[in-house]
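Following: one structure in structure tokens, then a few remarks.
Where a number appears in this text, it was derived from the coordinates with a stated rule and is not lab data. Given the structure is predicted, the values throughout are model-derived calculations rather than measurements. Cβ coordinates were reconstructed from backbone atoms using ideal geometry, including for glycine residues, and neighbour counts include every protein chain displayed.
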Amino acid sequence: MRKVILDLAVTLDGYIEGPNGEIDWCIMDEDMDFEGFLSGIDTIFYGRVSYDAWGNYEPDTNADEAEKALWATVHAKKKVVFSGKAQQDSNVTYITSNIPEKVDEIKQQTGKDIWLYGGSKLITSFIHHGLIDIYRISVHPTVLGEGKPLFQNLKERINLNLTEVKRFRSGVVQLIYEHKL
């Protein structure tokens, strides 16, 4: 069965964005092999706000070819947006209700794993419904002091098994967890 993978960058103090939505602290090193991660997925789950911000993002014309290629690969994936209401967009499947059932249906389909991109409200909803199979959290060597936390409004404790740790040249440490059985 396909797995839902939360893959996200977070600061050392647990924020996914600064107080004004900034993510300029996020580091992309070649040794992180993000392209390898992308090759293992074929679907991206977005909340509406995250999709509006990043679902059709295009790098500046001055961006290097690697960044342009990365975004082309991201945009080639199937996009599913969780929202209170569907909008007109032929490139997206909208899910507006029955999240656990719809996610289970998608996981049962043939294909690669699924990237839970976010945002924070969608991540919290997925946590509450037990829909995240793998937590792939890249901790960046930055302390913001304030911003949008990764985990908020959780109803209960989540116990996880650490399955892998990767350390990158930049000082980013990637922690990969699965649910404890």
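The set of residues in the range 131-181 being among the acidic types (Asp, Glu) and loosely packed, with under 14 Cβ neighbours inside 10 Å consists of Glu146, Glu156, Glu164. Residues in the range 40-81 that are touching a residue at least 40 places away in the same chain (Cβ under 8 Å), under 18 Å from Gln109 (Cα atoms) and either not in a strand (DSSP E or B) or not aliphatic (A, V, I, L, M) (or both): Gly40, Asp42, Thr43, Phe45. Total residues in the range 142-181 satisfying the condition of being in contact with a Leu (Cβ under 8 Å, 6 or more places away or on another chain) and in contact (Cβ under 8 Å) with a residue 24 or more places away in the chain: the figure is 8.
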